[in-house]
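Only one structure is covered here, and it is reproduced in the block below.
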Amino acid sequence: MMASTTSATAAAAAFGAAATAKPRGSSSTICPRVSTGGRRRSGVVRCDASVEVQVQAVAKAASIAALEQFKISADRYMKERSSIAVIGLSVHTAPVEMREKLAVAEELWPRAIQELTSLNHIEEAAVLSTCNRMEIYVVALSWNRGIREVIDWMSKKSGIPASELREHLFMLRDSDATRHLFEVSAGLDSLVLGEGQILAQVKQVVRSGQNSGGLGKNIDRMFKDAITAGKRVRCETNISSGAVSVSSAAVELALMKLPKTEALSASMLLIGAGKMGKLVVKHLIAKGCKKVVVVNRSVERVDAIREEMKDIEIVYRPLSEMYEAASEADVVFTSTASETPLFTKEHAEALPPISDTMGGVRLFVDISVPRNVSACVSEVGSARVYNVDDLKEVVEANKEDRLRKAMEAQTIITEELKRFEAWRDSLETVPTIKKLRSYADRIRASELEKCLQKIGDDNLTKKMRRAVEELSTGIVNKLLHGPLQHLRCDGSDSRTLDETLENMHALNRMFSLDTEKAIIEQKIKAKVEKTQN
């Protein structure tokens, strides 16, 4: 017990050294005052490249030392397999101001995965960042240390103190984390129940991971099974009936805020012709609107929407005419990937007033994260600003019906969750199966060699030699058949996971396979090699 405590303390010290070491990549190092030629030189001097190399070497050595120390104290982590975890925040837990600071653009997902998997206790990672959520899925060698590393990474990326982040983060583990992803994919965790866009975004996580080679075995399978669950929920229930996207809810909100008699005659402006912008046009058509002005950087996307949707007049305006177009609009929908606000208080104040027949106020419906319309625009008397958080007002309708649909979907999700967990459980015994097979093959090869030496090569034909080899292989296979059958648990028979794992532990003890320790050491070795490279 004392040795374990000492190891844990030393590991903590090593991690502290790694955390405080100077990061790689800086161009120079500031050194303290130095003495040259017997005279003290005041101020600071820049160290040469050799010192910089030494600093980087120290940082790398500290990280490797931390991992090696973790391996020494790994006994406490061998009692359970690596954890699947999700750490994140969503429209349900955090305001848009915080979500936009943590948002990761789709093209940066591979880089984020690379940074996350370079953390000491993270084996696999995936990032799901949308307008309503920013979630990080990981497989962690150590639950507590892995979570701490991910939160620190999120804090550094966003500039939000970790203590403040924790107030809004949710953290789920293993089956709870998997169920959450399945519910997200099915649209059960969305602001608008059953929305279709989130399923497409989950698919994009898989595509992005495959292109960059970033997703590991567990997370890749989990996301693919989540896609299956999402498709089944939409095909086998009517969860997608009604408003099924943020864009449709945005249109409903705008029409709800306009005077009922004038809603369909209001001048509509859409800024951004991406996927969500296209859905805005689609739902404007569904509500009976006949004309919309679309501002976009290029005309090609607008032409594509115009070609597809014939039931509405679409007027294109270039980005340079955005404020002029806004001055003529009663409702402004914004859906762009701009990192900075397109409309500030000054812009809103410069726009002409809206007629009293339209309520006297211009509506800004911002469905972008980061936001395209600054919050201070709401301080202008002639303007009202709504963002994705305000769409809750729309989706509160028909709450009872949505809950019934969600219950139907949960049955499907539970089925898919059992399938995933059976697959993951089957992985648990694979190392023992391989080690036992390897152990038996080594004995067979050794005893076969002794037998063949006693008989002598001159006394054996090729046919006889092959027969003896096949005999030894057949004996080993028949002896291993029973034990290996009791190491397989895929949910197709009555054998429980607990029984299978007990069989695995028994075989590990009987044959001194030490599988669990070998697994953790292999993982640590891979981490050390990655750090060294």
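Would you be able to say whether some residue in the stretch 324-331 is closer than 25 Å to S378 by Cα, at pLDDT 90 or above and touching a Pro at 6+ places or on another chain (Cβ under 9 Å)? Yes, that holds for at least one residue. Filtered by the rule that a residue be farther than 21 Å from N211 by Cβ and open to solvent by 10 Å² or more (accessible area, probe 1.4 Å), the stretch 99-139 gives E100, K101, L119, N120, C131. The strands (runs of 3 or more DSSP E) found wholly in the stretch 103-197 and carrying at least 1 residues that are of a type in the set (S, T, N, Q) occupy 122-129. Take the conditions surrounded by fewer than 22 Cβ atoms within 10 Å (Cβ to Cβ) and in contact with a Leu (Cβ under 9 Å, 6 or more places away or on another chain) and apply them to K345. Does it pass? Criteria not met by K345.
Within the option set A186, A250, being in the same structural domain as V385 (by the TED database), in contact with a helix residue (DSSP H, G or I) (Cβ under 8 Å, 6 or more places away or on another chain), at pLDDT below 95 and open to solvent by less than 20 Å² (accessible area, probe 1.4 Å) holds for one residue only, A250. Would a scan of the stretch 387-408 turn up a residue that is closer than 30 Å to C235 by Cα, at pLDDT below 90 and polar (S, T, N, Q)? Yes, that holds for at least one residue.
Do we have R207 as surrounded by fewer than 17 Cβ atoms within 10 Å (Cβ to Cβ) and not assigned by the TED database to the domain that holds G277 here? Against the criterion (surrounded by fewer than 17 Cβ atoms within 10 Å (Cβ to Cβ) and not assigned by the TED database to the domain that holds G277), R207 qualifies. Just one of (1) open to solvent by less than 30 Å² (accessible area, probe 1.4 Å); (2) at positive phi; (3) of a type outside the set (S, T, Y) fails for L169. It is (2). Among the residues of the stretch 451-484, those that are more than 21 Å from P431 (Cβ to Cβ) and within 55 Å of the chain's Cα centre (by Cα) comprise R466, A467, V468, E469, E470, L471, S472, T473, G474, I475, K478. Exactly one residue out of S265, S320, S208 is out of contact with any helix residue (DSSP H, G or I) (no Cβ under 6 Å at 6 or more places or on another chain) and more than 29 Å from K392 (Cα to Cα), and it is S320. Looking at this structure, is M358 in contact (Cβ under 8 Å) with a residue 40 or more places away in the chain, over 25 Å from V96 (Cα atoms) and of a type in the set (A, V, I, L, M, F, W, C)? Yes, satisfied. Taking the stretch 427-523 as the region of interest, the helices (runs of 4 or more DSSP H) fully inside it that hold 1 or more residues being at pLDDT 85 or above, of a type in the set (D, E, K, R) and open to solvent by 60 Å² or more (accessible area, probe 1.4 Å) are 430-455, 462-485. Checking the stretch 263-283 against the condition returns no match, with no residue being over 35 Å from the mean Cα position of the chain (by Cα) and either surrounded by fewer than 13 Cβ atoms within 10 Å (Cβ to Cβ) or not assigned by the TED database to the domain that holds V377 (or both). Take the conditions (1) under 22 Å from L391 (Cβ atoms); (2) surrounded by fewer than 23 Cβ atoms within 10 Å (Cβ to Cβ); (3) of a type outside the set (A, V, I, L, M); E195 misses just one of them, which is (2). Of all the listed residues (S368, S378), the sole one being buried (at least 20 other Cβ atoms within 10 Å of the Cβ), assigned by the TED database to the domain that holds A254 and either closer than 30 Å to A325 by Cβ or of a type in the set (F, W, Y) (or both) is S368. Quick check: is even one residue across the stretch 232-239 open to solvent by 50 Å² or more (accessible area, probe 1.4 Å), outside any helix (DSSP H, G or I) and among the polar types (S, T, N, Q)? Scanning the stretch 232-239 turns up at least one residue that is open to solvent by 50 Å² or more (accessible area, probe 1.4 Å), outside any helix (DSSP H, G or I) and among the polar types (S, T, N, Q). Restricting attention to the stretch 428-457, the residues that are of a type in the set (A, V, I, L, M, F, W, C) and in contact (Cβ under 8 Å) with a residue 40 or more places away in the chain total 3. For the stretch 298-329, the tally of residues that are of a type outside the set (G, A, S), assigned to a loop (DSSP other than H, G, I, E, B) and in contact with a strand residue (DSSP E or B) (Cβ under 8 Å, 6 or more places away or on another chain) stands at 3.
The values are calculated or read from the model by the stated rules, or taken from the named source; none is laboratory data. What you see is a predicted model; the values in this text were computed from it and never measured. Cβ sites come from the backbone with ideal geometry, for glycine too, and all protein chains shown count toward neighbours. These area figures cover heavy atoms from the full protein model, side chains too; ligands, DNA and RNA do not enter into them. Shrake-Rupley method; radii C 1.70, N 1.55, O 1.52, S 1.80 Å.
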